[in-house]
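Coordinate-derived values only; no laboratory data. Note that the structure is predicted; figures quoted are calculated from it, not measured. Neighbour counts are summed over all protein chains in view; Cβ atoms, including those assigned to glycine, are modelled from backbone coordinates with ideal geometry.
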Amino acid sequence: MLHRLRAKYGPIFTLYVGSRPVVFIMDGDLAHRSLMERSEIFADRPRPILATSDLNTNLLTINNTSYGSVWRLLRRNLASGVVNPCKATKSSTQVQRMALDILLKSLKKEAEANGGIVVPVHSIQHSVSFLMTSLCFGVALDEDVVDKIKNVQVGLLSLVDNRYALNLLPKVVLPLFLRRLPKLKQIRQAHEELLIPIIRARKKLAAQKSEQIGLMISYVDSLLKLRVPVDGVTGTTTTVLRELSEEDIVSFCSKFLDASIWPACAALEWIMIMAKEGDQISDGVKENVMIMADHHEYLIPKGAVVNYLVTSVGLDASVWEEPLEFRPERFMPGGEGEEVDVNCGKSEIKMMPFGAGRRMCPGSDLAMLQLQYLVANFVNEIVELKAVEGMEVDLSDQAGLFVAMKNPLHARITLS
Ligand code: HEM
């Protein structure tokens, strides 16, 4: 529907949900004018209707904390630690190697059991979950524990509604949404049962000043040291600070896993069939702002929610030749993508898989590193990867918080 509206109204248009304006921005030029040139005005985020953290804490996770000092504190804690590739240790490199082995072993096992045919998404999810839980908790967990954690994360994901993600739900339907509360509570409890023992074990090692702590930098270690304002909001120097509770830490770890596992899995599956898609991000605007669009000024009112259709930006036919074609050479010298910066630090935006501006994904460097490592090594191990006879590869996507394949890839695979 959004693509039809773009064809009719152009790359910026507003939908009204009740009296609330929801603006859609669908090209790189407008994304640059707003997210980069007026970055502070577009750096807020609307409060979610219901967040897992609402159940037992006054803190929200990084991606839905309002722009301000608490967001800065939480973001700095993540960005300066585990997602910073310069902090990688020998153990994190080992964990990466183990994740690759898990991916290859799992694909081989599936291929042997099914006459060479695999549905790679299962092995990808298993391997990426192993990698991210290891980085989150600082320890290579048993594969069956990783799978249990992954299944709880899948449960959480199933509660997300696309209209909710795009802020397109009017307030009158909110009571219907609250029907999901019991399911959310159930998932939350499963999470606490699984994660709290792991967090306690890590805390004990830290208290004993165990050498194991130094072996691998982890997100949990940084959360155990973090102090946040008691009211969860202000964070000025006069504010009283507190440690994070175990429940807070579960929320942050869950969000870390959610934010890192699913987009990386989707990216790996699309890479396997040589196609790419994106994600969408949304902003709450801090003041009225005029944006130039097609020589006209477009007013974005204060408080409006702005959704950026990242997929649309990356597939813009006025920027990319044959955008749906897999042509990696377009990123080589002389290609139209030669200068492209996925971290959007340049004067123009041609693609923004990790968003842009102040709320840009803090895990982009880590994600690129892991994806490049897994893809390069995986390609090395493949003798043959082709479509299954009689089964067309279906490139339809399942739009949501990230764009996954609607019908998972089935492939015939031979590994060395
Ligand atoms: C292929 C992998 C990934 C993709 C495509 C991706 C994409 C994105 C996008 C589009 C956003 C929204 C930016 C915005 O709201 O303006 C985002 C935010 C975020 N991502 Fe990622 N991401 C990936 C991997 C990761 C990883 C590995 C981590 C952490 C380990 C991570 C943590 C986050 C966090 C915490 C935010 C919220 C930032 C904020 O609101 O300040 N992501 N990501």
Q | Net charge contributed by nearby residues that have their C-beta within less than 11 Å of HIS32 (K/R +1, D/E -1) | A | 0
Q | Chain lengthening between LYS286 and VAL160 when straightened (0.36 nm per residue, less Cα-Cα) | A | 42.8 nm
Q: Given the options VAL285, VAL128, VAL375, state which has the largest fluctuation in a GNM of the chain using a 10 Å cut-off (strictly under) for Cα springs.
A: VAL375
Q | the chain: relative contact order in percent, alpha carbon pairs under 8 Å with at least 6 residues between | A | 25 percent
Q: Quick one: work out Rg over Rh on the C-alpha atoms of region 220-379, Rh as Kirkwood radius.
A: 1.04
Q. In a GNM of the chain with a 10 Å cut-off on Cα contacts, which of ALA259, ALA304, ALA317 has the highest mean-square fluctuation?
A. ALA317
Q: Just grab the label-to-label distance for LYS148 and MET368, each label 7 Å out from Cα along the Cβ direction, in nm (one decimal).
A: 3.8 nm
Q: Starting from the Cα of THR239, step 7 Å toward the Cβ, then list every residue of region 76-103 with an amide N under 13 Å from that point.
A: 76
Q. Relative contact order of region 106-154: what whole-number percent is it, with Cα pairs under 8 angstrom and at least 6 residues apart?
A. 25 percent
Q.
One quarter of the convex hull surface, Cα atoms only: what value does that give for the chain in nm²?
A. 22.1 nm²
Q. Looking at the chain, do any whole DSSP H helices span at least 18 angstrom along their long axis by alpha carbon and average -0.5 or above on Kyte-Doolittle, and which?
A. 90-113, 120-137, 143-158, 181-207, 246-272, 364-381
Q | Net charge dipole size for the chain [Lys, Arg +1 and Asp, Glu -1 on Cβ; Debye, nearest 20] | A | 1580 debye
Q) If you place +1 on the Cβ of every Lys and Arg, -1 on the Cβ of every Asp and Glu, and leave all else neutral, what size is the dipole of region 321-416 about its Cα centre, to the nearest 20 Debye? A) 440 debye
Q: Go through ILE25, ALA376, PHE130 and say which Cα lies farthest out towards the positive end of the charge dipole of the chain; charges sit on Cβ, +1 for Lys and Arg, -1 for Asp and Glu.
A: PHE130
Q | Candidates PRO362, PRO48, PRO120, ranked by Gaussian network fluctuation over the chain, Cα under 10 Å, top entry | A | PRO48
Q) Under a point-charge model restricted to the Cβ atoms of Lys and Arg (+1) and Asp and Glu (-1), what is the dipole moment magnitude of region 22-144 relative to its Cα centre, in debye to the nearest 20? A) 420 debye
Q) Per the helix-only calculation at 222 nm, which mean residue ellipticity applies to the chain, given -39500 (n - 2.57) for every DSSP H run of n ≥ 4 and division by its residues, nearest 500 deg cm²/dmol? A) -13500 deg cm²/dmol
